[in-house]
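What follows is a short report on a single structure.
The values are calculated or read from the model by the stated rules, or taken from the named source; none is laboratory data. The shown structure was predicted, so the numbers you read here are calculated from the model rather than taken from an experiment. FYI the Cβ positions are ideal-geometry reconstructions off the backbone, even for glycines, and counts take in every protein chain you see.
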Amino acid sequence: MMSEPAVSTPDTTPLPAPAPAKLVDVSSLTLEGLTRFVSEQLGERAFRSGQIYRWIHQRGATSFDEMTDLSKAFRQKLKERAEIVPLVKDLEQRSVDGTIKYRFKTRDGRYIESVYMPSEDRKTLCVSTQVGCAMACSFCMTGTLGLKRNLTPGEIVAQVHTVNREVRKLENLETWRPLSNLVFMGMGEPLHNFENLKTALSILQSEDGPNFSHRHITVSTVGLVPMIERFGQETDVKLAISLNASTDEQRSKTMPVNRKWNIAALMEACRKFPLRQGRRITFEYVLLRGFNDTDEDAHRLIELLKDVPAKVNLIPYNENPGLGFQTTMEERAEAFREILAQGHIAAFIRQNRGRDIAGACGQLANRGGEGEGKATQAPELP
Ligand code: SF4
């Protein structure tokens, strides 16, 4: 007997939907990278990349729909393959001294802050490079958060674009780039996020972008020694060192990074740093009452800096609840500055900005509802 042909029942289980292609964040690409993406991945002519780049980095566009000189078909193609990762301004606080602290929310629900500091001759933005910080300096509120994650280049430059837009509106200005100076002294250790910092600097300095001069950008570090060397070789902006102590014992107590690279190693890196002609390294020194503000400290500081082209910014400490340090009295700060001046070290007492809105040095720590003090990434140092 012939067996019946086997009837195969068609498998009607729906196929899984193809995984959506990962969108490329074009706001994090240099012009060169964007040109490659546009020509190699989208098959479009290279000059289109300049149009997109200028829309994002000069006009501050946050969506492809704003790019009205691109055809509708091209904008559609961009939407299918690319994105501009948002950074949304969700709060601003104004100080009596004109400083404005902006809080931004990232797409994954994190919060970062940037501080706008206008003065007579410049408009400066203090920019963040990480959500939280792994360096755990004991006088700093950001340090209590631990490191949550690095900011992307797009998120770093978006702080600048948004504040440019805000200042233009606020001060009724025609100029498309009212900010004149950038300091990377906000949340995070910039050299701990070096690759993204470098890409962001390249965008911020580019002629088709905001075109900031290298003379108007300063990056501050706690002293990641191997990264200082790379920073000097691979960028041309100014360097600031957050020193804050005159002995290893003091520094290791407040800045754990000093246990890995002590003051001698740090000063050696500074001596080797490829300074442009006429430039000096800025040393930031937060004055902590009775801890690092004695005459002996000032004399040791002169000794440390004697063979480095240096200037010192003395920063009266902004007291943070629970961190246990007190600010140095004005007369003590002046006496400290005077000793440095007698030792031929240019020193300035920095005016405190935005103290009333917790926007001053060491006060940025918007938790935005996050758990406190737990780093989600290991604080690996290079
Ligand atoms: S002072 Fe700077 S490096 Fe130190 S914890 Fe604060 S943000 Fe991080």
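Exactly one of these conditions fails for F283: (1) surrounded by 22 or more Cβ atoms within 10 Å (Cβ to Cβ); (2) of a type outside the set (D, E, K, R); (3) within 16 Å of the ligand (Cβ to nearest atom); (4) in a helix (DSSP H, G or I). Give me its number.
Here F283 meets the rest and fails (4).
What number of residues in the stretch 104-156 are of a type in the set (F, W, Y) and within 19 Å of S242 (Cα to Cα)? Walk me through it before giving the result.
As a first pass, look at the stretch 104-156 and keep what is of a type in the set (F, W, Y): 104, 111, 116, 139.
Still in the list and also within 19 Å of S242 (Cα to Cα): 139.
So the count comes out to 1.
So D236 clears everything in (1) within 13 Å of the ligand (Cβ to nearest atom); (2) assigned to a loop (DSSP other than H, G, I, E, B); (3) not aromatic (F, W, Y) except one condition, right? Which one?
(1)
Determine whether the stretch 192-210 contains at least one residue that is closer than 23 Å to D248 by Cβ and out of contact with any helix residue (DSSP H, G or I) (no Cβ under 7 Å at 6 or more places or on another chain).
In the first step, residues of the stretch 192-210 are kept if they are closer than 23 Å to D248 by Cβ; the result is 192.
Imposing the further condition that a residue be out of contact with any helix residue (DSSP H, G or I) (no Cβ under 7 Å at 6 or more places or on another chain) reduces the set to 192.
Yes, the stretch 192-210 contains a residue that is closer than 23 Å to D248 by Cβ and out of contact with any helix residue (DSSP H, G or I) (no Cβ under 7 Å at 6 or more places or on another chain).
Go through the stretch 27-44 and report how many residues are more than 13 Å from G209 (Cα to Cα) and in contact with an Asp or Glu (Cβ under 7 Å, 6 or more places away or on another chain).
1
Quick one: T152 ticks every box in (1) within 14 Å of the ligand (Cβ to nearest atom); (2) β-branched (V, I, T); (3) touching an Asp or Glu at 6+ places or on another chain (Cβ under 8 Å) except a single one, so which number is it?
The single condition T152 does not satisfy is (1).
Test N193 against the stated conditions and say whether it is assigned to a loop (DSSP other than H, G, I, E, B) and either away from the ligand (no atom under 16 Å from the Cβ) or crowded, with 16+ Cβ neighbours inside 10 Å (or both).
No, not satisfied.
Condition first: polar (S, T, N, Q) and part of a strand (DSSP E or B). Now tell me which residues in the stretch 114-154 satisfy that.
The initial filter retains those residues of the stretch 114-154 that are polar (S, T, N, Q), namely 114, 119, 124, 128-130, 138, 142, 144, 150, 152.
Within the stretch 114-154, S114, T124, Q130, N150 meet the criteria.
Test of understanding: among F139, F104, which residue is assigned by TED's automatic domain parsing to the domain that holds A245, within 15 Å of the ligand (Cβ to nearest atom), more than 15 Å from P190 (Cα to Cα) and among the aromatic types (F, W, Y)? Can you show your working first?
Details: F104 fails: within 15 Å of the ligand (Cβ to nearest atom).
After ruling out the rest, the residue left standing is F139.
Rundown of residues vs (1) in contact (Cβ under 8 Å) with a residue 60 or more places away in the chain; (2) over 21 Å from M117 (Cβ atoms), yes/no style:
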| residue | (1), (2) |
| --- | --- |
| I315 | no, no |
| N320 | yes, no |
| L323 | yes, yes |
| T327 | no, no |
| E331 | no, yes |
| F336 | no, yes |
| A341 | no, yes |
| N352 | no, no |
| R355 | yes, no |
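Just to be sure, is Y116 assigned by TED's automatic domain parsing to the domain that holds I217, surrounded by fewer than 22 Cβ atoms within 10 Å (Cβ to Cβ) and of a type in the set (F, W, Y)?
Details: assigned by TED's automatic domain parsing to the domain that holds I217: yes; surrounded by fewer than 22 Cβ atoms within 10 Å (Cβ to Cβ): no; of a type in the set (F, W, Y): yes.
No, not satisfied.
Given the criteria within 16 Å of the ligand (Cβ to nearest atom), touching a strand residue (DSSP E or B) at 6+ places or on another chain (Cβ under 9 Å), over 21 Å from K198 (Cβ atoms) and not aromatic (F, W, Y), does G146 qualify?
Details: within 16 Å of the ligand (Cβ to nearest atom): yes; touching a strand residue (DSSP E or B) at 6+ places or on another chain (Cβ under 9 Å): yes; over 21 Å from K198 (Cβ atoms): yes; not aromatic (F, W, Y): yes.
Yes.
So that you can scan it fast, the table gives a plain yes or no per residue for (1) closer than 21 Å to M185 by Cα; (2) at pLDDT 95 or above; (3) within 24 Å of the chain's Cα centre (by Cα):
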| position | (1), (2), (3) |
| --- | --- |
| V257 | yes, yes, yes |
| I281 | yes, yes, yes |
| L288 | yes, no, no |
| K311 | yes, yes, yes |
| I339 | no, yes, no |
| R355 | yes, no, yes |
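Quickly run through the stretch 241-268 and pick out the residues that are within 13 Å of the ligand (Cβ to nearest atom), surrounded by 20 or more Cβ atoms within 10 Å (Cβ to Cβ) and on the phi < 0 side of the Ramachandran plot.
Residues of the stretch 241-268 that are within 13 Å of the ligand (Cβ to nearest atom), as a first pass: 241-245, 251, 254-258.
Checking the rest, the ones that are also surrounded by 20 or more Cβ atoms within 10 Å (Cβ to Cβ) come to 241-245, 251, 254-255, 257-258.
Correct list: I241, S242, L243, A245, R251, T254, M255, V257, N258.
Answer yes or no: is there a residue in the stretch 211-228 that is more than 13 Å from the ligand (Cβ to nearest atom), without any contact (Cβ under 8 Å) to a residue 40 or more places away in the chain and on the phi > 0 side of the Ramachandran plot.
There is at least one residue in the stretch 211-228 that is more than 13 Å from the ligand (Cβ to nearest atom), without any contact (Cβ under 8 Å) to a residue 40 or more places away in the chain and on the phi > 0 side of the Ramachandran plot.
Out of curiosity, is R81 in contact (Cβ under 8 Å) with a residue 12 or more places away in the chain and under 25 Å from the mean Cα position of the chain (by Cα)? Quick ask: steps written out before the conclusion?
Working: in contact (Cβ under 8 Å) with a residue 12 or more places away in the chain: yes; under 25 Å from the mean Cα position of the chain (by Cα): no.
Taking the combined requirement at face value, the residue does not satisfy it.
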